[in-house]
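One structure below.
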Amino acid sequence: MTAWTTTPLRRFARREWGPLFWTVRDALVRDKWRAAPMTLGAVCLTSVFQIVQNTSWGFQPVQNLGSVKAVDPLWLAVLRTPLSLFVPALDLPVWGALAQILLVFGISEICIGWWRTLVIGYVATLAGTTYARIGLSLGPDHPFGLPLSDRVVNDTGPSAAVVGLAIYVCWRYRAYLTGAIVIAVMIGEVLVKDNLAGKEHLAAIAAVMAVCVVRAKWGPERSRVPLGRRPPPAAPLPPQRPGT
């Protein structure tokens, strides 16, 4: 590959992922596992829920704490939603949920802080839960509607929060193309497999994008300098002695 083709690619990579990469790298080099304590706690909590819900005595208590269904009263769903992020879906492998939390929650915690990570994740998940009720009221014949059978679907797992956090971090660190790709993939998911989870992901994206618009319009003025540390410039070569 020639220099003409590699240089634009490098410039694009630095612009798109440089600030994000250096923020995560610096934190991991400096603090190691202490860079994301909330994420490690979330991984442990999800693992505990997975172990307990697969026992004969623990399934119902876990469902009572973190299982959300559209048929439940709204107040009960709102109370259960925070823990529902960390209850693995029964029909999906638990390693997928653990990997999502470790990667996306970890990057988000380093980049925007643990409490913003929890708030954005909760907003995204709650948006999906709210959409499920709206979709059921619209009915299966509406483009945004849902069939009546979805009212008893066990709606747990971190996927909506993961999608919402990915969009927010991409916006905050100006990785706009990456964020657009995430949105396109989620739209493709709905087109290929039209189910409750896919539509809830779109609802989560819409809610987080609304948060981004509000923050951009009425929140603190964003720095004009991209977030994250850029790599230090190369050290100048020492002066050569005469005759060398």
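Computed from the coordinates by the stated procedures, all read-outs in this text should not be read as laboratory data. Note that the structure is predicted; figures quoted are calculated from it, not measured. Methodologically, a virtual Cβ is constructed for each residue, glycine included, from the backbone with ideal geometry; neighbour enumeration extends over all protein chains shown.
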| Answer label for Cα Rg over 2.2 N^0.38 Å (calculated), chosen among [x] 1.02; [y] 1.22; [z] 1.11 | [y]
| task | For helix 196-218, report the angle its Cα long axis makes with the longest principal axis of the Cα atoms of the chain; keep it between 0 and 90° and round to the nearest 10°. | result | 50
| said: Compute the angle between helix 159-172 and the longest alpha-carbon principal axis of the chain, please, reported from 0 to 90 degrees and rounded to the nearest 10. | reply: 30
| query | What is the helix-to-structure angle for 114-138, meaning the angle in degrees between its Cα long axis and the longest Cα principal axis of the chain, kept from 0 to 90 and rounded to the nearest 10? | reply | 40
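Based on the mean of other beta carbon atoms within 10 Å per residue, what is the order of 36-46, 93-103, 187-197, most packed first? Write out the running numbers ahead of the final one.
Numbers: 36-46: 18.1, 93-103: 16.5, 187-197: 13.5.
My ranking of the peptides, most packed first, is 36-46, 93-103, 187-197.
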| query | Taking springs between alpha-carbon atoms closer than 10 angstrom, which of V29, V153, V104 fluctuates most in the Gaussian network model of the chain? | reply | V29
| task | Place a +1 charge on the Cβ of each Lys and Arg in region 2-105 and a -1 charge on the Cβ of each Asp and Glu, then give the dipole magnitude about the Cα centre in debye, rounded to the nearest 20. | result | 540
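Using the Cβ atoms and a cut-off under 15 Å, what net charge is assigned to the surroundings of L74, where Lys and Arg are +1 and Asp and Glu are -1?
Net charge in that neighbourhood comes out at +2.
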| message | Relative contact order for the chain: what percent, with Cα pairs under 8 Å and sequence separation of 6 or more? | response | 24
| task | Excluding residues on the same chain fewer than 8 positions from K193, give the lysines whose Cα lies under 30 Å from its Cα. | result | K69
